[in-house]
Amino acid sequence: MTKQDNDTVHPRKIAKAIEGFIELAEWDDTVDIDEATGDSTLNTRYEIRNQVYDLFFEGDEKSEFLALYLYAPYRVIEGKSVDATLLVNFINDHYRYRGRLTVTDIGQIRYKEIIDTENIEASSDMLHNMLMSGGGLFEQHMEHLGAVALTKKTYEAIREEYEREDEKEKARKEREESTEE
């Protein structure tokens with residue numbers, strides 16, 4: 001099969017979007033492409049508030065899926081998986097992000113977002129938005145995730161902190177509304 005034939009079978013539209021994203025972000029990374037399938041992978045690092053996260057973009061040309069995986073720079077310590085999983089479930093249920101946060105079997109905290117690109121054009125902007133969603137999640141919740149994963153702090157204690165923060169925000173909004181009247 002020639003390169004032209006392979007591009008017809010696997011047009012590499014997702015790989016091109018990943019390459020466009022690298023160019024837009026002005027990174028020096030390169031996309032790994034499986035010549036047989038046309039599937040593509042970007043494996044790099046991404047910094048959020050001085051913490052280095054593992055970042056993967058994967059393009060499955062046959063299924064037309066584009067996936068982002070963003071891994072926290074630490075693993076959940078032994079005995080804390082239940083607390084970490086409960087907190088992850090709470091975050092997924094109470095906040096809006098395009099992807100989902102999970103705790104893997106080996107204790108990695110991972111943000112995962114998959115987009116079906118069938119009948120739509122994958123673009124560098126799409127990848128940027130995926131990364132901003134995952135990065136925003138970690139930025140907003142990194143202290144709580146780290147505390148439950150790496151210390152003796154329990155899920156219940158973290159939930160109480162979220163509830164106090166919610167009460168403060170609610171009181172602030174009520175004050176703003178009352179001064180507007």
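Throughout, read-outs are computed from the coordinates displayed, never taken from laboratory work. Bear in mind the structure is a predicted one, so any value in this text is a computation, not a measurement. Because the Cβ atoms are built from the backbone with ideal geometry, glycine has one as well, and the counts that use them run over all protein chains shown.
For the Cα atoms of the chain, what angle does the longest principal axis make with the long axis of helix 124-150, in degrees from 0 to 90, nearest 10? Around 40 degrees separate the two axes. Residues 68, 55 in ascending order of nearby Cβ atoms (within 10 Å, fewest first): 55, 68.
Could you work out the per residue convex hull volume over the alpha carbons of the chain, in cubic angstrom?
Details: hull volume 27.8 nm³, N = 181.
Convex hull of Cα atoms, per residue: 154 Å³.
Here, the range 130-181 is characterised by an Rg to Rh ratio of 1.15, where Rg is the alpha-carbon radius of gyration and Rh the Kirkwood radius.
I'd like to compare 40-51, 14-25, 120-131: which one has the highest average count of other Cβ atoms within 10 Å, and what's the full order after that? List each step's numbers first, then the result.
Values: 40-51: 14.5, 14-25: 19.2, 120-131: 16.8.
In decreasing order of mean packing, 40-51, 14-25, 120-131 become 14-25, 120-131, 40-51.
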